[in-house]
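The values are calculated or read from the model by the stated rules, or taken from the named source; none is laboratory data. In this text the structure is predicted, and so the values were computed from the model without any measurement. Cβ sites come from the backbone with ideal geometry, for glycine too, and all protein chains shown count toward neighbours.
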Amino acid sequence: MTTTQPTLRLIDVHRTHGTGEAAVHALRGVSLEVHPGELVAVMGPSGSGKSTLLNVAGGLDRPTQGRVIIGDTDLSELDARGLAKLRRRRVGFVFQDYNLIPSLTAAENVSLPLELDGERARTARRRAREALGLMGLMDLADRYPDAMSGGQQQRVAIARALVGTRRLVMADEPTGALDSHTGEEVLRVLRQRCDEGASGLLVTHESRYAGWADRVVFLRDGVVVDATGSDPVERLLEPAR
Amino acid sequence: MSVKYGLLALLATGPMYGARLRAEFEARTGGTWPLNVGQVYTTLGRLERDGLVESVGEADEEGRISYRLTEQGRREIAQWWEAPVDRSSTPRDELVIKLALAVTVPGIDVERVVQTQRAATVRHLQDLTRLKHQAVTDRAGDSDQTQSAGANEHAWRLVLDNLIFAAEAEVRWLDHVEADLAREARRAKTTAQPTHTEPTLTATPPTHATEPAIPGTRTP
């Protein structure tokens, strides 16, 4: 059992879209923790609630019931502005299609969340270069996205997700657009950043990438049906069927 | 695969004695399929009897006898390289048999069987991924390794990839089984519904019994 404070905690999280007869229960009582240094993969068929789980955990969406806690901040206590600030400082997202801004260089893309957060441009750029350097991407710092391969863009996106004070990365099918070799390179980088102390939640439908995680959580119809490894919380909360 | 072709392929690179053959086989396959030296000598004995290998001179001071390929042995191994590996016979797979039985034997929680297996297979996949990660990291950190050590490491990575792909395929199949079970359960529910309305066939059936079952919805 890990004794450090979890980076992320989900406690009995529900997310329902719509009401009454038409209600869709995307998540039904999901609990899990991600600790510093841990990469947790979420697997499940399409429609099982994987992406909803990631969006709720990262503060892009709010649960209809239950709590999401990042560090020592309960997300339910934040208004929209507070959530946006938390995302700028604490959580980074990585998506299948990289989402880099085409008119900015790699270093500018990585420094963007810091600048949006009010950091002076010069400091932000320096930190961005540090983040790229940590991942062996210094050569790419001044390149624009269209001059980079998919794998390189995704590694830049990971650098952006973990720049500055951000220590939690939400990765939604980050290998979806990549061939298996490049996908593996991206996972290797994500794994390395987690080994250095970051925390990651990885949504994937491909078990070969889930193999890089410390723990794998299986979702089906919004319920955690099984998990590898031991997360004490999951065992306590047998989902209501 | 029999040990036979493994030994013939190694002997094609030059004469070797039993313990060396075993060490070479394991080094090239990362020890994934360990051989015991007895197995190697029994196989060498058979290969010699069949005229595919022959001993080279006398035993050395440690009592080891080297073997080399005969002309017939060379032809045999050349044929092996040229022909595809036979896939027509299906080896018994315990998991496949277990699930086939699980869906036919009453009272088995098939979903549970699937979930337990999937968690175990993904754990296995995690172990393999760690080994692969290690192999790649070792290669990056060791730039002055010998050529043969490099080739063996390459072979080991490919073996690991194969095991990873196999585990991945198993997880995909288990996902498929799970989805299939859910579909079958829904179908069973739909076909079971009209029988409840049989006694009221002459009367207007209750509306809920005629509503089509919507996949993915559950009765509370």
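Data for the structure
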| quantity | calculated |
| --- | --- |
| Condition met for B:Glu54 (modelled with pLDDT of 90 or more and either under 29 Å from B:Arg157 (Cβ atoms) or in contact with a Lys or Arg (Cβ under 8 Å, 6 or more places away or on another chain) (or both)) | yes |
| Selection count where residues are surrounded by fewer than 21 Cβ atoms within 10 Å (Cβ to Cβ) and within 12 Å of chain B (Cβ to nearest Cβ), scope the range A:167-188 | 4 |
| Tabulated pairs, the range B:93-108, first in a helix (DSSP H, G or I), second among the acidic types (Asp, Glu), C-beta under 8 angstrom, 6+ apart or interchain | B:Leu95/B:Glu170 |
| Residues within the range A:143-171 that are of a type in the set (A, V, I, L, M, F, W, C), assigned to a helix (DSSP H, G or I) and touching a residue at least 60 places away in the same chain (Cβ under 8 Å), tallied | 3 |
| Residue that is nearest to A:Thr52 (Cα to Cα), among those in the range A:14-39 that are touching a residue at least 24 places away in the same chain (Cβ under 8 Å) and among the hydroxyl-bearing types (Ser, Thr, Tyr) | A:Thr16 |
| Wholly enclosed strands (runs of 3 or more DSSP E) of the range A:27-122 bearing at least 1 residues farther than 27 Å from A:Gln154 by Cβ | A:65-70 |
| Filter result (part of a helix (DSSP H, G or I), free of Cβ contacts under 8 Å to residues at least 24 places away in the same chain and not charged (D, E, K, R)) within the range B:63-80 | B:Gln72, B:Ala78, B:Gln79 |
| Filter result (acidic (Asp, Glu) and within 18 Å of the chain's Cα centre (by Cα)) within the range A:61-101 | A:Asp61, A:Asp72, A:Asp74, A:Asp97 |
| The range B:1-30, residues that are surrounded by 13 or more Cβ atoms within 10 Å (Cβ to Cβ), part of a loop (DSSP other than H, G, I, E, B) and of a type in the set (Gly, Ala, Ser) | B:Ala12, B:Gly30 |
| Qualifying residue in the range B:90-110 (condition: within 14 Å of chain A (Cβ to nearest Cβ) and not aliphatic (A, V, I, L, M)) | yes |
| Count of the range B:34-70 residues which are of a type in the set (D, E, K, R), surrounded by 10 or more Cβ atoms within 10 Å (Cβ to Cβ) and more than 13 Å from B:Lys4 (Cα to Cα) | 4 |
| Odd one out for A:Thr105, checked against (1) crowded, with 19+ Cβ neighbours inside 10 Å; (2) within 28 Å of A:Val216 (Cα to Cα) | (2) |
| The range A:137-165, residues that are within 15 Å of the chain's Cα centre (by Cα) and not charged (D, E, K, R) | A:Gln154, A:Val156, A:Ala157, A:Ile158, A:Ala159, A:Ala161, A:Leu162, A:Val163, A:Thr165 |
| In the range B:151-172, the residues that are within 15 Å of B:Arg28 (Cα to Cα) and loosely packed, with under 14 Cβ neighbours inside 10 Å | B:Ala151, B:His154, B:Leu158, B:Asn162 |
